[in-house]
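As structure tokens, the structure follows; a few thoughts come after it.
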Amino acid sequence: MTGTSRSEEKAARLRALGVGPGDRVVEVGAGLGSLTLALLEAGCEVTAIEVDRHLAPVLRSLVEPAATVVEADALRLDWPALLGSDDPARPWA
């Protein structure tokens with residue numbers, strides 16, 4: 001045991017990813033939202049992709065409206081439609 005809390009560990013992981021307040025993040029395979037919630041706590045704007053039709057409603061109940069949940073197969077998504085225009089002032093992380 002290192003003496004760090006789970007929230008400290010999540011914060012360290014997010015710092016390692018280089019994401020923080022105001023960043024737009026797409027999370028593929030969001031599952032039950034553990035990372036989604038950490039990203040939201042860090043101030044990120046999150047779009048969570050979940051293919052499992054049983055998990056997606058649970059995820060929605062946990063993170064919406066703070067995050068956007070898309071129930072879809074990430075390999076079949078219309079990414080340009082989902083992500084919108086390429087605004088250099090608002091890049092995706």
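Normalising by the residue count of the chain, find the relative contact order in percent from Cα pairs under 8 Å and 6+ residues apart.
28 percent
At Leu82 and Leu17, where each label point lies 7 Å from the Cα along Cα→Cβ, what is the point-to-point distance in nanometres?
So the label points at Leu82 and Leu17 sit 1.5 nm apart.
Specify the angular offset, from 0 to 90 degrees and rounded to the nearest 10, of the alpha carbon long axis of helix 6-17 from the longest principal axis of the alpha carbons in the chain.
With both axes taken from Cα atoms, the answer is about 60 degrees.
Can you work out the Karplus-derived ³J(HN,Hα) for every residue in segment 33-39? Use 6.51 cos²θ - 1.76 cosθ + 1.60 with θ = phi - 60°, whole Hz, and x for glycine or proline.
So the Karplus estimates, Gly and Pro as x, are x, 4, 5, 4, 5, 5, 5 Hz.
Averaged per residue, what accessible area in Å² does segment 12-93 show with a 1.4 Å probe, protein chains only?
Normalised by residue count, the accessible surface of segment 12-93 is 61 Å².
Return the label of the correct value of Rg and Dmax of the Cα atoms in Å, as calculated from the structure shown, out of (1) 13.9, 45; (2) 16.1, 52; (3) 13.0, 42.
Computed from these coordinates, Rg and Dmax of the Cα atoms in Å corresponds to label (1).
From a point 7 Å beyond the Cα of Trp92 in the direction of its Cβ, which residues of segment 28-66 have a backbone N at a distance under 16 Å?
Output list for this probe position: 28-30, 45-51.
Taking θ as phi - 60°, what are the ³J(HN,Hα) couplings along segment 58-68 by the Karplus curve (6.51, -1.76, 1.60), each to the nearest whole Hz, with x for Gly and Pro?
5, 4, 4, 5, 8, 10, 7, x, 5, 10, 9
Excluding ligands and nucleic acids, what accessible area in Å² is computed for Thr47 using a 1.4 Å probe, to the nearest 10?
20 Å²
Can you send over the carbon and sulfur percentage of the accessible area for segment 52-93, probe radius 1.4 Å, protein chains only?
56 percent
Would you grab the residues whose amide H sits under 5 Å from the one on Val69? Only those 5+ places off in sequence or on another chain, please, with H modelled 1.01 Å from N.
Counting only residues 5 or more places away or on other chains, the set is Ala48.
Step through the residues of segment 69-80 one at a time and calculate ³J(HN,Hα) from phi using the Karplus curve (6.51 cos²θ - 1.76 cosθ + 1.60, θ = phi - 60°), rounding each to whole Hz and writing x for Gly and Pro.
Taking θ as phi minus 60°, the curve returns 10, 10, 8, 6, 7, 4, 6, 10, 5, 8, 4, x Hz for segment 69-80.
The values are calculated or read from the model by the stated rules, or taken from the named source; none is laboratory data. None of the values given here were measured: they were computed from a predicted structure. Virtual Cβ from ideal backbone geometry, glycine too; neighbours counted across all protein chains shown. Surface areas here come from the heavy atoms of the whole protein model, side chains and all, with no ligands, DNA or RNA. Shrake-Rupley method; radii C 1.70, N 1.55, O 1.52, S 1.80 Å.
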